[in-house]
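See below for the structure under consideration.
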Amino acid sequence: MAFPYNEKVLEHFRHPQNVGKIEDADGKATEGSPACGDMVAVYIKVDPETKVLNDVKFESYGCASNIATGSIITQLAKGKTLSDAKKITWKQASDELGGLPAIKAHCSVLAVEGLRAAIRDYEERHGLVTEREPTTEAVIKRRLRHVMNPLRGLDVVRTDLIKEIEVKDGVVRIVADLAADHQFAPVIKADIAEKIESLWDVKQVVIEFVG
């Protein structure tokens, strides 16, 4: 049986570029889930004057296609301005790799979404988002779909870990069905806060555990 990946994909899989975590990243995002077998985290450093991506790194969990796409996406984005990096598409990534199996197209989408989400994270934290959508319960739920429930391998919304969301006067209150002293409580709390605090009209995030 023929191997589904071409030599360029395999080269990026065996020797991926820009792998790692930027500890003091200006923007970061995680897309996917270990439960579905593919996940990618993207970290960026941005020149505050030129808005050029000085550094882009990624961490990946998943198949060869996921790792190779993370590698090529970071190469394509590094040195570009935020606006140009946001225009990078999954097809461009696939073409740069010489093509990906159709069944693995979602992997390149994950990497591109991770890059765009990291850029948006930076823009939100620096007041660069022009379309300011008011924070509502629906907005919070959308953000929380990127927070994993380590107990189930899926996000905290789909696994019903979040029992209550309240948004009032810039204060977001989130109630989670988990014991406060559970080993995963600090990680989940930090991840939730990170996803919500950057929203432009949020002044405070209160996270309660009631399990």
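The values are calculated or read from the model by the stated rules, or taken from the named source; none is laboratory data. Just so it is clear, the model here is predicted, and its values are computed rather than measured. Methodologically, a virtual Cβ is constructed for each residue, glycine included, from the backbone with ideal geometry; neighbour enumeration extends over all protein chains shown.
Could you say whether any residue in the range 25-47 is over 23 Å from K195 (Cα atoms) and either touching a strand residue (DSSP E or B) at 6+ places or on another chain (Cβ under 6 Å) or at pLDDT 90 or above (or both)? If you could, list the steps in order and put the result at the bottom.
If we filter the range 25-47 for residues that are over 23 Å from K195 (Cα atoms), which is where we start, we get none.
Checked against the condition, which is being over 23 Å from K195 (Cα atoms) and either touching a strand residue (DSSP E or B) at 6+ places or on another chain (Cβ under 6 Å) or at pLDDT 90 or above (or both), the range 25-47 yields no hits at all.
Take the residues in the range 178-211 that are surrounded by 12 or more Cβ atoms within 10 Å (Cβ to Cβ) and of a type in the set (D, E), then tell me which one is farthest from R142 (Cα to Cα).
E208
So which of K91, K141 ends up being among the basic types (K, R), surrounded by fewer than 15 Cβ atoms within 10 Å (Cβ to Cβ), touching a strand residue (DSSP E or B) at 6+ places or on another chain (Cβ under 9 Å) and closer than 19 Å to E31 by Cα? Outline the logic, then answer.
Numbers: K91 fails: touching a strand residue (DSSP E or B) at 6+ places or on another chain (Cβ under 9 Å).
When all the criteria are applied, what remains is K141.
Taking the range 144-164 as the region of interest, how many residues are crowded, with 18+ Cβ neighbours inside 10 Å, in contact with a strand residue (DSSP E or B) (Cβ under 8 Å, 6 or more places away or on another chain) and free of Cβ contacts under 8 Å to residues at least 40 places away in the same chain?
Summing the residues that are crowded, with 18+ Cβ neighbours inside 10 Å, in contact with a strand residue (DSSP E or B) (Cβ under 8 Å, 6 or more places away or on another chain) and free of Cβ contacts under 8 Å to residues at least 40 places away in the same chain in the range 144-164 gives 4.
With the structure loaded, tell me whether L100 is in the same structural domain as E197 (by TED's automatic domain parsing) and in a loop (DSSP other than H, G, I, E, B) or whether it fails that test. Don't jump to the end; show me each part of the working.
Details: in the same structural domain as E197 (by TED's automatic domain parsing): no; in a loop (DSSP other than H, G, I, E, B): yes.
Considered against the rule, which asks whether it is in the same structural domain as E197 (by TED's automatic domain parsing) and in a loop (DSSP other than H, G, I, E, B), L100 comes out as no.
Do we find that T74 is of a type in the set (S, T, Y) and either without any contact (Cβ under 8 Å) to a residue 40 or more places away in the chain or farther than 21 Å from H12 by Cα (or both) in this structure? Break it down stepwise before answering.
Values: of a type in the set (S, T, Y): yes; either without any contact (Cβ under 8 Å) to a residue 40 or more places away in the chain or farther than 21 Å from H12 by Cα (or both): no.
Considered against the rule, which asks whether it is of a type in the set (S, T, Y) and either without any contact (Cβ under 8 Å) to a residue 40 or more places away in the chain or farther than 21 Å from H12 by Cα (or both), T74 comes out as no.
One residue is enough: does the range 145-168 have a residue meeting the conditions assigned to a helix (DSSP H, G or I) and of a type outside the set (S, T, N, Q)?
no
Quick check on E123: is it under 16 Å from the mean Cα position of the chain (by Cα), closer than 19 Å to E194 by Cα and either surrounded by 14 or more Cβ atoms within 10 Å (Cβ to Cβ) or of a type outside the set (S, T, Y) (or both)? Quick ask: steps written out before the conclusion?
Numbers: under 16 Å from the mean Cα position of the chain (by Cα): yes; closer than 19 Å to E194 by Cα: yes; either surrounded by 14 or more Cβ atoms within 10 Å (Cβ to Cβ) or of a type outside the set (S, T, Y) (or both): yes.
It is true that E123 is under 16 Å from the mean Cα position of the chain (by Cα), closer than 19 Å to E194 by Cα and either surrounded by 14 or more Cβ atoms within 10 Å (Cβ to Cβ) or of a type outside the set (S, T, Y) (or both).
Hey, I73 hits all of (1) surrounded by fewer than 18 Cβ atoms within 10 Å (Cβ to Cβ); (2) in a helix (DSSP H, G or I) but one; which does it fall short on?
Only one criterion is unmet by I73, namely (1).
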